[in-house]
Amino acid sequence: MESLSNLFDLTGQVAIVTGGASGLGNYYSQALLDAGADVFVVSRSERGWPELTEFAENRNRKVKFMSIDITESGAAEKIVKNCVTTFGQLDILVNNAGIQIRNNVLDYKDEDWRKVIDINLNALYFLSHEAAKIMTKQKSGKIINIGSMQSFRAGKFIFPYAASKHAVVGLTKAYADALAPYGVQVNALAPGYIDTEMTKALQNDPERNTEILNHIPAGHWAKPSELMGTVIYLASDASNYVNGATIPVDGGYLLR
Ligand code: NDP
């Protein structure tokens, strides 16, 4: 058997991370830099840019930023073009940017439905489409879509979110099948309850917090770092024979 020591090494690779400057995207960017990749970070605001720059410099890696709303018309093409002009290549795409808007079913606004679907699904598709043009030509690449437990459950107050995250699973399978002959793998990661800013309100509501914890076999909210092994696995040669999968990283939440 060949040596497995470099299976997770991303040295010389270039990754795009949408929503990569803050929240979980910031951790994905750090993890990819730590594994050896250079990272092209996309977000609307410049939150988190200086810290990420310092993180990359300390590891002798490069990080570049692009401020853009990924739902703008033509954004996907601009992002991929800018990344390839900057770094000369694109090997990994992490479709992470996503939003959630809560409301009762009958009060749900059409514009909120459109916003959620536009970011969580349409932008993810358009970026995958642009990345695929590069990756199929070079006959290698990894697309990693970020799903959710709502990829498998019915979130009645966040049904556009649940619908978009279910669609991420379907698109991941279809794209994996279509791109496999070109040596490109498309997989998804479905995070469970993660201790982030987005979930602070839930954690601070004692009743909801207990309810959630009773539903998680692991018995605790995940630290963001607990997701990173799976992202690096999906970005690296270690997962070359894994295609079209959505991997829950949820402490067993979906088992109950
Ligand atoms: P955050 O809200 O903390 O981060 C979202 C990121 O996306 C920000 O960096 C934001 O940057 C960027 N973003 C949002 N909209 C746009 C846009 N239109 N154009 C460009 N960038 C955009 O969310 P999380 O880190 O918590 O979640 C990240 C992903 O993980 C999402 O897909 C979410 O559904 C998923 N997830 C999260 C879980 C959790 O517990 N936190 C659990 C399961 C899944 P800026 O505002 O500067 O544009």
Are any residues in segment 227-256 surrounded by fewer than 18 Cβ atoms within 10 Å (Cβ to Cβ) and over 22 Å from Ala174 (Cα atoms), and if so, which ones? Gly229, Gly252, Leu254, Leu255, Arg256
Out of the residues in segment 159-188 that are more than 12 Å from the ligand (Cβ to nearest atom) and among the charged types (D, E, K, R), which is farthest from the chain's Cα centre (by Cα)? Asp177
With respect to the numbered conditions (1) without any contact (Cβ under 8 Å) to a residue 24 or more places away in the chain; (2) away from the ligand (no atom under 11 Å from the Cβ), which one is the sole condition not fulfilled by Asn103? (1)
Neighbours by Cβ (under 8 Å, 6+ apart or cross-chain): first from segment 37-60, farther than 22 Å from Val84 by Cα and among the charged types (D, E, K, R); second part of a loop (DSSP other than H, G, I, E, B) and modelled with pLDDT under 95: Arg47/Ala21; Arg47/Ser22
Can you confirm whether Arg61 is of a type in the set (D, E, K, R), assigned to a loop (DSSP other than H, G, I, E, B), more than 11 Å from the ligand (Cβ to nearest atom) and closer than 20 Å to Ile144 by Cβ? yes
Boolean, Thr199 is assigned to a helix (DSSP H, G or I), under 23 Å from Met228 (Cβ atoms) and under 14 Å from the mean Cα position of the chain (by Cα): no
Assess whether Gly48 counts as being touching a Ser or Thr at 6+ places or on another chain (Cβ under 7 Å) and small (Gly, Ala, Ser). yes
Only residues that are within 14 Å of the ligand (Cβ to nearest atom) and exposed (fewer than 15 other Cβ atoms within 10 Å of the Cβ): list them for segment 112-158, please. Arg114, Arg153
Out of (1) within 16 Å of His129 (Cα to Cα); (2) surrounded by fewer than 18 Cβ atoms within 10 Å (Cβ to Cβ); (3) out of contact with any helix residue (DSSP H, G or I) (no Cβ under 6 Å at 6 or more places or on another chain), what's the single condition that is false for Ile79? (2)
Can you name the residue in segment 64-73 that is within 13 Å of the ligand (Cβ to nearest atom) and part of a strand (DSSP E or B) and, of all such residues, is nearest to Glu111 (Cα to Cα)? Ser67
Thr246 among the β-branched types (Val, Ile, Thr), farther than 24 Å from Gly36 by Cβ and out of contact with any His (no Cβ under 7 Å at 6 or more places or on another chain): yes
Take Val39 and tell me if it is under 22 Å from Ser151 (Cβ atoms), surrounded by 15 or more Cβ atoms within 10 Å (Cβ to Cβ), modelled with pLDDT of 95 or more and not hydroxyl-bearing (Ser, Thr, Tyr). no
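The values are calculated or read from the model by the stated rules, or taken from the named source; none is laboratory data. None of the values given here were measured: they were computed from a predicted structure. When we count neighbours, we look across all protein chains shown, and the Cβ atoms used for this are built from the backbone with ideal geometry, even at glycine.
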